[in-house]
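Contents: one structure, followed by commentary.
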C-alpha cells in the first residue's frame, strides 16, 4: 500500500489558519472528497477533503494548531493499486479546498468579504470571509499594529491596559481564532474570563463585545472601547422569557450569520451611510439581451447583472473615489487602479460574495460565464477564499426576488455598494406622451466621509444613463 499526505492548499492572503475540528480519526476508512479536517481564519471556515479513498493512518495536527499553505495535515494509505502507482504525483495535489460556509460579507454582502469573507466567507468577516469573509485583497496596504487599548473602566482585573504573564498564559489556552485573540489584545480583554458561544465553546468576536458591554455597564461596542471612550451609553439589551407569551423555538444562527453579523454591525455603526435611489431605463438593454441570448451559440446566458457590472466599471473610472478605500487613520484615500467587482450570490447557507477580477478587461460574455461558474461553486460550497477576495466595489442584486429598493450595507474597506431591485414596466413621459418603459430600481450606498451627496448623485445618474445606452461607455 502507498501513503499520500493531505496538505493545506492555497489559502489566499492568509499566512496561517487554525484547525478547529477533526472530522476523522486514525483507522477510519474515507471516500473520495470526504472532508477530513476543518480549518478557520478570521474570514472563512474551510473543509479540506481527501482526494482519494483510503484509510487514515495518522493525523499530523490537533484542534487549535495553526497551519499554513503546504502544512501536512494527515497521511492516508491508498486502497487500490492504481492509486498507489499514482501516489507520488497525487501527494502534491491532495488538499483542494471545499468551503462549507463563507463569511463577508460581505454582504453584502456577501460581502459581502464580502465576505464573508469570510470566506467560509468568508467574513466574515472575508468575508465566508466573510463571507467581505476572507482577509480581502481590497484592503489598504498593511499598516502598523494598533497600540494597546487604554484601560476600560469597570473591571480592573480583566480590562487593564497591560496584562500579567499569568493572564497571557490563560488567554493562550482559550478556544479562539487568531483574529479574535488579536481583537481581545487590542481591547485589553482576558479571554480566560469569557465563555464562548460558538461550536465547542469557541469564543467569537461577538462574545468579546458582549463581555465588554457587560463590564462597562451596557455601554459600548468594542470599537468605542478601543478608542478609550466610555461607550454609547445604551440601555442594556432586553432579556425576556418569550415562552410566557406563546410557543417558541430555538434556532441557532448559521456559521455565516455568526461570522458576518459582527462585520455588518461594525460596518453599519462605523460607516456613515448615505443611500441614493434612482432608476435606470433598461428597455433597450433588455431587448438586446434577449436577442443576444436567442442567437448565441456559446451557451452562455447574458444577464442584466453582467451588463450592470460592465456599466459600473465605466462609472468607477469616471468617479475614482468610488473605487477607493480610506487608510487606517482616515486621512488619505487609497485609489485603486484595478476593477474587481463583487456580486452577492444566494446559497442554501446564506449570501456569499464572489469577485470578478479584472472586470474592466473582460467582455460581458466572459463576465456572465464567470458569474455562472462562481455562483455554481458557491451553491455547492466549493468557493475558494481567493474567489471572495479583492473586491473594490460590490453589487447586490435582488431583482430575481422582488422589492422596490433597499439600503445595502457597505462592505468595508470598500466605500460604496450598489443594490439592484426587480425591473417593472412603468409609464414614462417622453416629452410628448407617456410610454411604457422597463425601469430598474437602483440603491447606491456610499461612505459619506469619502463621497458627498452631489458626487453620489452624479455617479448614480451616470450609471443610469450607461445602462440606458451602453454606447455611452465607449465614449
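Please treat every number below as a calculation from the coordinates, not as lab data. Everything numeric here is computed off the predicted structure, so don't read it as measured data. Cβ sites come from the backbone with ideal geometry, for glycine too, and all protein chains shown count toward neighbours.
One table, with the values for the structure above:
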read-out: Fewest-first sequence of 287, 249, 40, 21 by Cβ atoms within 10 Å of each Cβ; value: 249, 287, 21, 40
read-out: Descending Cα extents along the principal axes, the stretch 285-427, whole Å; value: 51, 41, 31
read-out: The stretch 398-475, Cα convex hull volume normalised per residue, Å³; value: 132 Å³
read-out: Neighbour-count ranking [beta-carbon atoms within 10 angstrom, fewest first] of 240, 333; value: 240, 333
read-out: Cα shape, the stretch 336-387, gyration tensor, a/c 1.5 rule; value: prolate
read-out: Sorted by Cβ density within 10 Å, fewest first, the residues 63, 39; value: 63, 39
read-out: Ratio of the Cα radius of gyration of the stretch 240-289 to 2.2 N^0.38 Å, where N counts its residues; value: 2.13
